[in-house]
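See structure below.
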Amino acid sequence: MLDEQDQPETAEAQQEVRRTLLEAQTRRHFLRSLGGGLGTLFMGTLAAKYAPPAFAAGPYSETALDFTRDASNPLSVLPPQFAAKARRVIYLHMAGAPSQLELFEHKPELTRLDGQDCPASFLAGKRFAFINGVPKLLGSQYPFHQTGQSGQWISDRLPHLEKHIDDLCIIKSMRTDQFNHAPAQLLVHTGNARLGYASFGSWVLYGLGTENQNLPGFIVLLSGGKTPDGGKQLWGSGFLPSVYQGVQCRSHGEPVLYLENPPSVSRPLRRSMLDVIDEINKQTYAEFGNPETVTRIAQYELAFRMQMEATDAMDVRKEPGSVRARYASKPGEASFANNCLVARRLAERGVRFIQLYHWGWDSHGSAANEALNIGFVKRCREVDQPIAALLDDLKQRGLLEDTLVIWGGEFGRTSMRENRGGQQMKFVGRDHNPGAFTIWLAGAGVKPGITHGETDDMGYEIVKDPVEVRDLHATMLYLLGFDHHKLNYRFQGLQQKLTSVKPARVVGEILA
Amino acid sequence: MTPALRRWSQRTRFALLVLTPILLLSILVIAFPPDGTQRAQWAQFIGRFHPIAVHLPIAFILLVPVLELAGRNSRFAYLRPSADFVLGLATVGAVIAASLGWCLARSGGYSGPLLTQHMWSGVWLATLCLLCWVLRERLTSRHGEFLYSIALSITVGLMTWTGYRGGQLSQGEDHLTEFMPAGLRKLLMLSVDTKIASPPSADTFYGARIHPIFAEHCFTCHGPEKHKSNLRLDSYPSLMRGGKHGAVIRAGNVPSSELFRRITLPATDDDYMPKENKQPLSADEVKLIQLWITAGASATLPLQAIKDAPVPTTAVAEVTFENIDFAAVAKERVGLAPAIAQLQKRFPNLLDYESRGSADLTLNASLLGEKFEDTDLASLAPVADHIVIADFSRTAITDHSAEAIAAMRRLRSLRLVHTKITDATVHSLTGLDQLESLNIFGTRTTPAVLPIVASLPKLRHLYAGETTIRADSPLPAALKGKVLF
């Protein structure tokens, strides 16, 4: 290699250098490059043979769409790839993994075998978080009935949601490959069980931008209790520019701390301060070109605009008492009910991705709060009425037409009663089951009133139409107007995608 | 040692020694041909090494002409003598490989013309190798060299042929040509379609429903190439003839049909079919075979004759993604672009194309609230034709905008939530024949608009909550089930 200083100037000199280089090449160099070259050729043929069809010159190529935006407005709206059914998403994540066998999975055969030893075939080759030895089968703790015109089964724990059964598309054959909370939550949110990948909401914001520039395009609300095990990475932007990460708003008190101007600082004064700061930041950006500087400018500006709108949007007191009563919302509390009401207000205000978390669904039976017969009952009560009211409102206001609502946890629960340490436990609970879980979708472009997929008589393994997490992601992106291959971002030499590297399938069966 | 034997060279004596197993092998092949019976014996265990053992003689045989030819050049003359040794090794290797091959064929449950051919060509190959080796001694004479090179060429040719047939045996008849590009196929005068000719008629139940099941699950072992247990399922006569244990299908008698018994055994049973690593039959396929046998296992039974046969599940069409023709899109947008650029400056992030592949527009004025007035709406006139989704919720528009909204003739979705519009605006919408969703939630509209809305041909949803329209208002028949409160 030649240094720049040594760069010969005339054509003649360049020729001379080339000749010298050629002369310096020995037989060894030649043979070495020959071997490497042959190997490369061979690998090339292999790649052509084993690459997924998308990679070869197939019906579509693996290139990204153009997502370049004006540096001063990284959140500006971009049209989707094709006409979309869904324009926004409300994702209700039940951290801890609610038991499908107590809510949607009606398994009379399991109830009949309640208390019997679990068959060995259930345990062979399986890993459990806590189950030891031979556990007992555990029938559903609550009675089931069919309801609605669609005649779908539901337990008696969700009496309000039940009225919307004909709006729900219930997928009973979800599958994951993670059996611990944090990685499983990461997988559901980012398409990958490890840290550092972009969350679903970030991808959507990156792909579509946001209409309402006075509010974050991706808002996260926790309903008190504990932060999900997966941590803030669940709404992180990973390798995407950090301007696309979710903004976690506080669920009680001021939604965003220090958003108000301090006493004696007026709004015009704040504005002129920001103008100067922006000017400096822009100079920095021109000098170093770090996209994080753009994020910083955008965040200052967003905060300034949010002073006007965020407080208003997040204030459930602005809703009439009758509406709050339908949600069972009590202003001032950090509750899922309040968050559902806020979610509706944010949806009306054009927020692209609204992520709600509820917690405490990890019903192992190791403590009262984690027992299927105690804590679980409370959890159901906390979410049932607010979700039903949210669906009511969205439907009534026509928002369900272009809003995709998703409800679900990170995996399922076992058909066996948990026996931590091989002992019968004081409370009734179930261990983690990554092999089958239930989620539901509602709204934009989803076939209402259907059940997709099926598990065996024990509700333990999928027997029909398995849906991998990546399939779900591909389907949701499809509803938002994207081919999951095309919504990608080049990082570490790979076109990174929400669906990651394994082939994902859009679940056509559930599309309206 | 007799004097006669002593007269022969050492080489000839060795050749005779090698010839013995070859002759022995030939006798074995004639006396004990592979009969499709599987035997769990030492022979099978040893025979399984046949596919491994064949590669050694193949490499050696190929190496011989290379050494001979290279050795003609004086620079590589030293290579030539080693050809002799390599040829000797090749001979021994070929004899061993052929013997193992017989073990495998005899005990592994193989039979069929392809196998017989492969086996004999193996035996001949070993013989030819030996011949070459003997001939090589007489290289010094001109005559000898000529004979040797002929013999060597035939050996290499036969080896290629034997190897190819062996490949067909283990990998399938078209293992080399399966993925050959159509152009090359034509050049080699191979049929472009490699499917077996004349499948049974698709009008019969056997042809349409039963034969394809066998084709998918059974033909690899019980088809044209291999007939394990002397059973072939690729034609109706051979199916009914059965295998070496007799008939596998007894018309009308499901329980005594061996084939049915085998496919319904537990998968762990030794007799279960298809064998391990092969895709088992689905419940529907088993059901089809059962119904067919019950109905008499006829080849001519019409397709529709069995009423309750499981219908082949029609899979939902996989979702495909079309590529956007960006040039075409740009062309479509060209007249529109300046007006849109101007409007986008005025309403940033609120007006945009519906997708990357279309010139249709979506508009969300609701985020401007009271700041969006009738005059703003009027300014959209140049692009009105292209707006397919419009949201004017909570804006300050009034009935003055009725005409401008009616001009958006291609609207699919119109939202007027919490606006000051009244019945007059709705009355002007009669021309919106693409409208699927109309949202007048929280407006002062009255039940008088219902007949107008009912006349919209594509309407699917009318959102009429918080208006004077009540859930119990009398609804026109066309709106039944479409009004949400």
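The values are calculated or read from the model by the stated rules, or taken from the named source; none is laboratory data. Worth saying up front: this structure is predicted, and the values here are computed from it rather than measured. Because the Cβ atoms are built from the backbone with ideal geometry, glycine has one as well, and the counts that use them run over all protein chains shown.
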Evaluation of residue B:320 against (1) loosely packed, with under 11 Cβ neighbours inside 10 Å; (2) touching a residue at least 12 places away in the same chain (Cβ under 8 Å); (3) under 30 Å from residue A:82 (Cα atoms) (one fails), failing number: (2)
Residue list for segment B:379-394, restricted to those being more than 10 Å from chain A (Cβ to nearest Cβ) and either of a type in the set (Phe, Trp, Tyr) or without any contact (Cβ under 8 Å) to a residue 40 or more places away in the chain (or both): B:379, B:380, B:381, B:384, B:385, B:387, B:390, B:392
Some residue of segment B:403-422 being under 20 Å from residue B:372 (Cα atoms), in contact with a Gly (Cβ under 7 Å, 6 or more places away or on another chain) and polar (S, T, N, Q): no
Residue that is modelled with the lowest pLDDT, among those in segment A:258-285 that are among the hydroxyl-bearing types (Ser, Thr, Tyr) and part of a loop (DSSP other than H, G, I, E, B): A:258
Single match in A:101, A:110 (criterion: under 23 Å from residue A:381 (Cβ atoms) and either of a type in the set (A, V, I, L, M) or touching a His at 6+ places or on another chain (Cβ under 7 Å) (or both)): A:101
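This table checks each residue for (1) closer than 18 Å to residue A:106 by Cα; (2) surrounded by 17 or more Cβ atoms within 10 Å (Cβ to Cβ).
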site	(1), (2)
A:454	yes, no
A:458	yes, yes
A:479	no, yes
A:482	no, yes
A:485	no, yes
A:499	no, yes
Any hit, segment A:286-307, residues being outside any helix (DSSP H, G or I), closer than 30 Å to residue A:333 by Cα and either in contact (Cβ under 8 Å) with a residue 12 or more places away in the chain or not basic (Lys, Arg) (or both): no
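Here is a check on your reading of the model: is residue B:27 modelled with pLDDT of 85 or more, in a helix (DSSP H, G or I) and under 26 Å from residue B:154 (Cβ atoms)?
Yes; evaluated as a whole, the condition is true for this residue.
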Hits in segment A:324-355 - residues which are free of Cβ contacts under 8 Å to residues at least 24 places away in the same chain and of a type in the set (A, V, I, L, M): A:325
Those residues of segment B:226-264 which are farther than 24 Å from residue B:208 by Cβ, assigned to a loop (DSSP other than H, G, I, E, B) and either β-branched (Val, Ile, Thr) or modelled with pLDDT under 85 (or both), in sequence order: B:226, B:244, B:245
Failed criterion for residue B:376 (all others in (1) within 14 Å of chain A (Cβ to nearest Cβ); (2) of a type in the set (Asp, Glu); (3) part of a helix (DSSP H, G or I) hold): (1)
Filter result (more than 18 Å from residue B:210 (Cα to Cα) and surrounded by fewer than 18 Cβ atoms within 10 Å (Cβ to Cβ)) within segment B:226-254: B:244, B:245, B:246
Of the criteria (1) away from chain B (no Cβ under 14 Å); (2) touching a helix residue (DSSP H, G or I) at 6+ places or on another chain (Cβ under 7 Å); (3) outside any strand (DSSP E or B), which one residue A:442 fails: (3)
Qualifying residue in segment B:41-53 (condition: more than 17 Å from residue B:156 (Cβ to Cβ), part of a helix (DSSP H, G or I) and over 49 Å from the mean Cα position of the chain (by Cα)): no
Segment B:320-372 - residue that is among the aromatic types (Phe, Trp, Tyr) and either more than 39 Å from the chain's Cα centre (by Cα) or more than 18 Å from residue B:408 (Cα to Cα) (or both) and, of those, farthest from the other protein chains (Cβ to nearest Cβ): B:372
Some residue of segment A:403-426 being modelled with pLDDT of 95 or more and within 14 Å of chain B (Cβ to nearest Cβ): yes
Residue A:436 being away from chain B (no Cβ under 14 Å) and surrounded by 24 or more Cβ atoms within 10 Å (Cβ to Cβ): yes
